[in-house]
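Q: First the structure, which I've put down as structure tokens, then a few questions once you've had a look.
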Amino acid sequence: MRASKERRDRITDRRDSMTSAFLQCIEKGCEGRYPLDSKEHQCPGCGGLLDVQYDFSRLDRHSVFKLWQQRKMNSAIIDQSGVWRFRELLPFVPAGSEVVSLSEGRTPLVEVNRTGDWAGVRLSIKHQGNNPTGSFKDLGMTACITQAAILGSRVTACASTGNTSASMAAYAARAGMKAVVFVPFGKISTAKLAQALEFGAVVIEMGENFDQAFRMLRELTDELGLYLVNSLNPFRLEGQKTIVFEILEQRDWRVPDYLVLPGGNLGNVSAVGKGLLELRQLGLIDKLPRLVVVQAEGASPFYTMIAAGADEIIPVQPRTEASAIRIGNPVNWKKALRALRSTEGLCEAVTDEQIFEAKAALAKDGVGCEPASAASVAGIHKLVRSGKVADGADVVAVLTGHQLKDPEISIKRRSERELAQQRLHVEADIHKLRAALESVMLQSA
Ligand code: F0G
């Protein structure tokens with residue numbers, strides 16, 4: 001059955017339906033263009049960030065909606081994947097190439113009415129925790145490990161607060177590549193560490209924080225010929241931008257007033273901004289939602305920059321219990337700024353207390369997530385209180401990671417009173433158990 005397997009992950013679309021793709025520097029005045037197989041992740045001319053850009057002039061926009069719908073009925077992994085189903089909008093994979101996919105995406109968009117009432121808006125959440133490794137990183141990883149395979153890379157590497165490493169390890173394993181991960185020593189959740197180890201990655205624990213690990217890794221990637229998959233890699237963002245295609249499709253292409261995301265290294269908000277602009281450029285939507293990026297107060301250099309009206313970011317020593325976004329020097333800030341400017345977006349910062357309040361509000365809707373994800377909901381709550389977002393606005397918040405990514409914190413963060421009511425240690429004695437249950441039943445009466 002080898003032949004049938006090959007068809008399932010292979011781009012077979014006719015070449016003439018594909019579009020030419022290239023890398024382009026985002027810096028005004030440079031805008032240097034480079035071929036897709038360029039090894040650099042930053043402009044060789046000026047050091048600026050790179051985008052993957054396309055000439056979409058041959059895209060038949062009238063047929064794509066229908067095509068995307070039809071693919072849902074097809075069992076081939078490439079059509080089931082919430083990334084590759086939209087492949088007309090990320091056409092960098094040459095015809096005949098296989099994609100490295102775990103059928104990522106296809107995550108639910110769920111209304112959360114109690115949380116919406118608490119925040120003061122009409123709220124739906126797009127839960128990226130429902131991805132193969134439990135975070136939004138899988139959308140980006142399928143794209144950039146596919147590109148790594150096209151380039152013939154053998155060893156992939158990243159610095160990470162945990163989710164990127166788990167995702168890279170899984171996709172590298174699937175592609176038969178070696179994965180090397182740099183994580184800050186003792187600063188990532190055990191669950192994420194366990195994922196990377198189980199998928200066979202080599203985990204190098206070093207330094208105080210993500211920024212330090214990332215800086216050191218970048219010094220070695222070119223020298224050692226490692227394929228870097230951090231969100232500096234523009235192919236990552238190509239996969240991640242597809243989240244907006246799914247959200248809008250799930251809403252029958254009704255554009256929400258606001259789309260809210262937590263921000264760390266600021267790759268995701270950059271990706272989402274790019275995806276939205278491409279949809280508008282192609283005439284698939286006629287207006288844009290306002291993007292909102294929310295940082296943890298102790299790791300909010302982007303918020304500080306925007307609030308001060310400055311045009312350079314000043315790195316900080318990051319401090320927050322939301323370990324996934326404990327980042328003080330976000331590499332993608334220029335792309336994130338572009339995304340906010342082009343969508344009249346907003347940036348907010350929230351305390352850890354506010355993050356955990358939002359997490360508790362979501363739990364009342366039966367929705368769990370990791371702390372960093374709840375920052376998006378905390379941010380909306382705060383923006384409604386300050387009048388910057390109108391009461392009753394139509395809002396989609398992205399929850400970036402699964403509740404079980406950080407299980408210790410769910411217990412650690414419960415008060416003694418809550419634990420006394422919820423976590424009962426009772427002897428295995430029928431009378432004592434009856435008494436305990438009777439007191440529980442009184443609580444709920
Ligand atoms: N939420 C979660 C759960 C994350 O893991 C991250 C980033 C973010 C939000 C922020 O996204 O960096 O694109 O602004 N985690 C990275 C990692 C840094 O290594 O897993 P961003």
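The values are calculated or read from the model by the stated rules, or taken from the named source; none is laboratory data. Predicted, not measured: the structure shown is a model, and the values here were computed from it. Every residue, glycine among them, receives a Cβ derived from its backbone with ideal geometry; neighbour counts consider all protein chains shown. In case anyone asks, the SASA skips ligands and DNA or RNA and just uses the protein heavy atoms, side chains included. Shrake-Rupley method; radii C 1.70, N 1.55, O 1.52, S 1.80 Å.
Q: From zero up to wherever the largest Cα-Cα distance of region 333-445 sits, split into 5 Å bins and tell me the percent of pairs in each.
A: In whole percents, the pair-distance histogram is 2, 10, 14, 17, 15, 12, 11, 7, 5, 3, 3, 2, 1, 0.
Q: Report the antiparallel proportion of the DSSP beta bridges in the chain as a percent, rounded to a multiple of 5.
A: Working: 13 of 43 bridges.
Close to 30 percent.
Q: Here is a follow-up. Taking the Cβ-Cβ separation of Glu353 and Thr12 as r and a Förster radius of 51 Å, what is the calculated FRET efficiency to the nearest 0.05? Let's see the in-between values first.
A: Values: r = 52 Å, r/R0 = 1.02.
With a Förster radius of 51 Å, E is 0.45.
Q: Rolling a 1.4 Å sphere over the protein heavy atoms, what is the accessible area per residue of the chain, to the nearest Å²? Let's see the in-between values first.
A: On the way: 19570 Å² over 445 residues.
Averaged over the residues of the chain, the accessible area is 44 Å².
Q: Could I ask something else about it? Give the calculated FRET efficiency between Phe65 and Phe22 to the nearest 0.05, with a Förster radius of 30 Å applied to their Cβ-Cβ distance.
A: Numbers: r = 26 Å, r/R0 = 0.88.
The computed FRET efficiency comes out at 0.70.
Q: If I take all pairs of Cα atoms in region 86-230, what percentage of them are more than 19 Å from each other? Please list the in-between numbers first.
A: Values: 5857 of 10440 pairs.
When every Cα pair of region 86-230 is considered, 56 percent fall beyond 19 Å.
Q: How much length would be gained if the chain were fully extended between Arg254 and Glu408, taking 0.36 nm per residue of separation minus their Cα-Cα distance, in nm to one decimal? All intermediate terms of the calculation are to be shown ahead of the outcome.
A: Numbers: separation 154, 0.36 × 154 = 55.44 nm, distance 3.83 nm.
So the extension gain works out to 51.6 nm.
Q: Computing the accessible area with a 1.4 Å probe over protein heavy atoms, can you report the carbon and sulfur percentage for region 175-324?
A: Numbers: 2930 of 5770 Å².
Here it works out to 51 percent.
Q: Just how far, in whole angstrom, is region 279-321 from region 208-239 if you go by their alpha carbon centroids?
A: What the calculation gives is 21 Å, centre to centre.
Q: If you don't mind, another one. Grab the Cα-Cα distance for Asp429 and Tyr34, subtract it from 0.36 nm times how many residues apart they are, and report the gain in nm with one decimal. The partial results should precede the final answer.
A: Working: separation 395, 0.36 × 395 = 142.20 nm, distance 7.26 nm.
Once the chain is fully extended between Asp429 and Tyr34, it gains 134.9 nm.
Q: Moving on to the next point. Counting other Cβ atoms within 10 Å, which trypsin sites (Lys or Arg not before Pro) in region 245-293 have at most 16 and lie in a DSSP loop? All intermediate terms of the calculation are to be shown ahead of the outcome.
A: Numbers: sites: Arg251, Arg254, Lys274, Arg280, Lys287, Arg290; in loops: Arg251, Arg254, Lys287.
Those that pass, being in a loop and sparsely packed, are Arg251, Arg254, Lys287.
Q: Follow-up question, since we're still on this one. Along each principal axis of its Cα atoms, how long is the chain end to end? Whole angstroms, biggest number first, please.
A: Result for the chain: principal-axis Cα extents of 74, 48, 46 Å.
Q: Are there any GluC sites (Glu not before Pro) in region 176-228 that are in a DSSP loop and have at most 15 other Cβ atoms within 10 Å? List them by number.
A: Glu208
Q: Using only the Cα atoms, what convex hull volume per residue in Å³ does region 58-167 have? Present the calculation step by step, with values, prior to reporting the outcome.
A: Numbers: hull volume 16.8 nm³, N = 110.
Looking at region 58-167, the number lands at 152 Å³ per residue.
Q: A follow-up question, please. So which GluC sites (Glu not before Pro) in region 259-323 pass both tests, a DSSP loop state and at most 13 other Cβ atoms within 10 Å of the Cβ? Write down the numbers at each step before the final one.
A: Working: sites: Glu278, Glu297, Glu312, Glu321; in loops: Glu312, Glu321.
The qualifying sites are Glu312.
Q: Something else now. I'd like the carbon and sulfur percentage of the solvent accessible area for region 8-139, probe radius 1.4 Å, heavy atoms only, ligands and nucleic acids excluded. Please list the in-between numbers first.
A: Values: 2810 of 6040 Å².
Carbon and sulfur together cover 46 percent of it.
Q: How large is Rg/Rh for region 304-387, to two decimals, with Cα atoms and a Kirkwood Rh? The partial results should precede the final answer.
A: On the way: Rg = 13.9 Å, Rh = 14.1 Å.
Reported Rg/Rh (Cα atoms, Kirkwood Rh): 0.99.
Q: Additional query: With no solvent and one equal point scatterer placed on each C-alpha of region 207-333, evaluate the Debye formula and give log10 I(q)/I(0) for q = 0.10, 0.11, 0.14 Å⁻¹, two decimals.
A: -0.38, -0.46, -0.71
Q: Could you tell me the largest-minus-smallest coordinate of the C-alpha atoms of region 20-92 on each of the three principal axes, in descending order and whole angstroms?
A: The Cα atoms of region 20-92 stretch 46, 24, 15 Å along the principal axes, largest first.
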